[in-house]
Amino acid sequence: MKKFIYTFILFAGFQFAQGQQITNLLVLIGETSVYKLDSMSLSYTSGAQTVTLPVSFICKNTGSALNAGDSIAFQLVFNETTQYLPITFPVSATIGTDSLISTPFVNVPLAVTSIKTGNYANKLCGSVPYVVYGGAGNPQTPVTEAAFCAVFTITATTGIADVDILNEAKIYPNPVRDNLKIENLNDATDISIYTITGQLVRTVPSVMGSVDIDMGNLSNGLYIVKMQSGKNIRTEKIQVIR
């Protein structure tokens with residue numbers, strides 16, 4: 001079944017002057033499913049004038065530590081023409097060198113007229129143009145790290161649902177301790193498992209029938225299981241408990 005874009009929120013990661021390097025853009029599908037935006041295929045309802053895209057930035061701080069009271073600005077550019085005003089987020093706790101940061105999700109409007117047709121024809125780039133040390137009113141310190149760009153496909157749909165051949169798939173146990181079992185896969189299905197922040201931790205390609213997936217060395221917490229067969233996609237949230 002096609003996934004519809006309900007909201008898009010984009011956030012850049014945190015890094016210090018000379019070192020705020022965005023490493024990924026995440027997209028929120030529906031209310032709980034999070035994926036890496038790069039290489040995604042998305043759809044929106046035909047007739048819409050604006051698509052609201054939710055994305056979050058993952059950033060690595062390769063510079064000096066940032067402290068509570070500092071702030072980071074995030075810049076977005078869509079298809080190299082639409083530039084959004086920098087969004088500034090305050091730092092609430094110390095962010096050390098080499099720390100990974102994931103920002104909250106924010107809604108970014110994309111004009112339908114600016115969306116390009118074709119597979120992976122659209123590009124959204126995020127960067128950190130500057131940071132502010134010591135609170136509002138202080139000078140902006142420029143950051144010169146290269147932007148991170150995600151390419152993706154986004155197409156209009158009439159809203160007529162495809163037959164979801166993954167509806168019959170069974171996933172258990174949940175919570176899971178060691179092995180996750182998926183059954184009733186009637187067509188070749190690619191299975192991917194992500195952390196809740198979008199990091200890919202398992203892949204099992206072209207499964208038919210059933211499969212056991214070893215979850216034994218994963219940390220406790222929530223994970224997203226993505227099953228894709230052709231254009232049909234199903235996601236489920238599971239919990240790993242030791």
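Structure values in brief
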read-out	value
Residue that is open to solvent by 30 Å² or more (accessible area, probe 1.4 Å), β-branched (Val, Ile, Thr) and assigned to a loop (DSSP other than H, G, I, E, B), where the choices are Thr197, Thr203	Thr197
Residue in the range 187-194 that is touching a residue at least 24 places away in the same chain (Cβ under 8 Å), of a type in the set (Ser, Thr, Tyr), part of a strand (DSSP E or B) and under 30 Å from Val112 (Cβ atoms) present	yes
Residues of the range 76-88 satisfying the condition of being in contact with a strand residue (DSSP E or B) (Cβ under 9 Å, 6 or more places away or on another chain) and either crowded, with 19+ Cβ neighbours inside 10 Å or over 20 Å from Glu145 (Cβ atoms) (or both)	Leu76, Phe78, Asn79, Thr82
When residues of the range 76-102 are limited to those that are in contact (Cβ under 8 Å) with a residue 40 or more places away in the chain and of a type in the set (Gly, Ala, Ser), the one nearest to Val34 (Cα to Cα)	Ser102
Hey, Val131 over 16 Å from the mean Cα position of the chain (by Cα), touching a residue at least 24 places away in the same chain (Cβ under 8 Å), open to solvent by less than 50 Å² (accessible area, probe 1.4 Å) and closer than 21 Å to Asn24 by Cα or not	yes
Every residue from the range 35-51 that is open to solvent by 10 Å² or more (accessible area, probe 1.4 Å) and β-branched (Val, Ile, Thr)	Thr45, Thr50
Ile182 over 19 Å from the mean Cα position of the chain (by Cα), surrounded by 16 or more Cβ atoms within 10 Å (Cβ to Cβ) and modelled with pLDDT of 90 or more	yes
Considering residues of the range 206-218 that are among the small types (Gly, Ala, Ser) and assigned to a strand (DSSP E or B) only, the residue nearest to the chain's Cα centre (by Cα)	Ser206
Matching residues in the range 52-73 - criterion: being open to solvent by less than 10 Å² (accessible area, probe 1.4 Å), under 21 Å from Ile29 (Cβ atoms) and in contact with a Pro (Cβ under 7 Å, 6 or more places away or on another chain)	Ser56
Count of residues meeting criterion [of a type outside the set (A, V, I, L, M, F, W, C) and part of a strand (DSSP E or B)] in the range 30-58	11
Phe105 vs. criteria open to solvent by 40 Å² or more (accessible area, probe 1.4 Å), in contact (Cβ under 8 Å) with a residue 24 or more places away in the chain and within 22 Å of Leu28 (Cβ to Cβ)	yes
In the range 57-83, the residues that are under 22 Å from Ile115 (Cβ atoms) and more than 19 Å from the chain's Cα centre (by Cα)	Glu80, Thr81, Thr82, Gln83
All strands (runs of 3 or more DSSP E) inside the range 59-149 with 3 or more residues being farther than 30 Å from Gln49 by Cβ	100-102, 130-132, 140-142
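The values are calculated or read from the model by the stated rules, or taken from the named source; none is laboratory data. This is a predicted model, so every value here is computed, not measured. Quick reminder, even Gly has a Cβ in these numbers, built from the backbone with ideal geometry, and neighbours come from all protein chains shown. Surface areas here come from the heavy atoms of the whole protein model, side chains and all, with no ligands, DNA or RNA. Shrake-Rupley method; radii C 1.70, N 1.55, O 1.52, S 1.80 Å.
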